[in-house]
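The values are calculated or read from the model by the stated rules, or taken from the named source; none is laboratory data. What you see is a predicted model, and the numbers here were worked out from it, not measured in a lab. Note that we place each Cβ from the backbone using ideal geometry, even for glycine, and neighbour counts take in every protein chain shown.
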Amino acid sequence: MPASVRAFTDDSTDPRVRGYLHTSETPNHNALVLTHGAGSNAQAPLLIAVADAFCAAGFTVLRCDLPYRQSRSYGPPGPGDAARDRAGLKNALAAMKKITAGRIFLGGHSYGGRQSSMLCAEEPELVAGLLLLSYPLHPPRKPEQQRTQHLPDLRTPTLFVQGTRDPFGTVAELEQALKMIPGKTKLLVVEGGGHDLGFKGKAKQEELPALINSEFAKFFEPQS
């Protein structure tokens with residue numbers, strides 16, 4: 001179990017960093033910055049559960065609110081928010097580098113994951129790897145509006161987690177998109193999961209975070 005969870009704020013940068021820091025009783029010196037989807041925040045139950053699972057495995061985890069969410073407590077990001085949200089993620093990573101000495105990973109649900117992947121496409125050496133939960137490949141019922149423009153530049157190793165009932169992209173569509181990525185990728189399929197990965201079910205609340213952590217550990221195991 002995590003040793004502690006506390007509110008975390010770094011006002012020394014613009015955008016500032018705001019969220020919740022999970023620290024482990026048995027740290028492995030690695031860190032994960034984890035952020036939320038377009039209609040949510042750092043208190044999303046899925047993020048809390050994933051953060052707890054990673055913390056139990058030794059990670060220091062920062063669940064952070066993106067800058068647009070810090071500016072307003074509800075509603076989706078606007079068209080002009082994306083670049084600032086990516087800057088906020090970069091500041092969160094810099095804050096974590098001051099806290100832990102090991103590898104740093106970046107992850108997010110839906111919009112947060114998309115912005116994380118765009119940031120890493122711009123800066124391939126920024127993190128050791130990406131965790132993308134329910135990547136929003138296209139708007140629901142609009143498969144022609146593919147959000148794949150940056151994928152040919154994504155060289156950061158990436159673990160995708162996608163539900164079979166996600167209206168933002170089918171497993172088959174995502175498998176095609178992954179062929180565009182030159183970096184190492186893996187797809188973890190969640191049977192019956194929608195855009196929330198089926199997390200509203202009690203079984204998923206117990207099993208899914210542990211499964212994600214297990215697949216993540218295998219995918220990012222240091223090569224000897």
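For the reader, a short list of remarks on this structure follows.
Every residue, every condition in (1) at pLDDT below 95; (2) assigned to a strand (DSSP E or B); (3) surrounded by fewer than 20 Cβ atoms within 10 Å (Cβ to Cβ), yes or no:
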{"residue": "172", "(1), (2), (3)": "no, no, yes"}
{"residue": "181", "(1), (2), (3)": "no, no, no"}
{"residue": "187", "(1), (2), (3)": "no, yes, yes"}
{"residue": "193", "(1), (2), (3)": "yes, no, no"}
{"residue": "199", "(1), (2), (3)": "yes, no, no"}
{"residue": "209", "(1), (2), (3)": "yes, no, no"}
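- Test: residue 22 is crowded, with 20+ Cβ neighbours inside 10 Å and in contact (Cβ under 8 Å) with a residue 24 or more places away in the chain: yes
- Check on residue 210, in contact with a helix residue (DSSP H, G or I) (Cβ under 8 Å, 6 or more places away or on another chain) and not acidic (Asp, Glu): yes
- 1 or more residues closer than 27 Å to residue 220 by Cα and not basic (Lys, Arg): qualifying helices (runs of 4 or more DSSP H) within the range 12-114: 45-56, 82-97
- Residue 118, sole failed condition from (1) assigned to a helix (DSSP H, G or I); (2) out of contact with any helix residue (DSSP H, G or I) (no Cβ under 8 Å at 6 or more places or on another chain); (3) modelled with pLDDT of 95 or more: (2)
- The one condition from (1) at pLDDT 95 or above; (2) in contact with a helix residue (DSSP H, G or I) (Cβ under 8 Å, 6 or more places away or on another chain) that residue 49 does not meet is (1).
- Members of the range 76-110 that are surrounded by 16 or more Cβ atoms within 10 Å (Cβ to Cβ) and of a type in the set (Val, Ile, Thr): 100, 104
- Criterion applied to 159, 151 was being closer than 19 Å to residue 197 by Cβ, at pLDDT 95 or above and hydrophobic (A, V, I, L, M, F, W, C), and the one residue passing it is 159.
- Sub-8 Å Cβ pairs linking a first residue in the range 84-113 that is within 16 Å of residue 19 (Cα to Cα) to a second residue that is among the hydroxyl-bearing types (Ser, Thr, Tyr) and assigned to a strand (DSSP E or B), at least 6 apart or interchain, are 89/35; 92/35; 96/60; 99/60; 107/35; 108/35; 109/35; 112/35, ordered by first then second residue.
- The range 137-159: number of residues that are buried (at least 22 other Cβ atoms within 10 Å of the Cβ) and either of a type in the set (D, E, K, R) or closer than 14 Å to residue 105 by Cβ (or both): 3
- The condition of being in contact (Cβ under 8 Å) with a residue 24 or more places away in the chain, within 16 Å of the chain's Cα centre (by Cα) and under 23 Å from residue 69 (Cβ atoms) holds for only one of 159, 133, that being 133.
Let's see how each residue does on (1) in contact with an Asp or Glu (Cβ under 9 Å, 6 or more places away or on another chain); (2) surrounded by 18 or more Cβ atoms within 10 Å (Cβ to Cβ); (3) more than 22 Å from residue 91 (Cα to Cα):
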{"position": "36", "(1), (2), (3)": "yes, yes, no"}
{"position": "40", "(1), (2), (3)": "no, yes, no"}
{"position": "46", "(1), (2), (3)": "yes, yes, yes"}
{"position": "64", "(1), (2), (3)": "no, yes, no"}
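- Residue match in the range 125-136 (condition: surrounded by fewer than 18 Cβ atoms within 10 Å (Cβ to Cβ), aliphatic (A, V, I, L, M), in a helix (DSSP H, G or I) and out of contact with any Asp or Glu (no Cβ under 6 Å at 6 or more places or on another chain)): no
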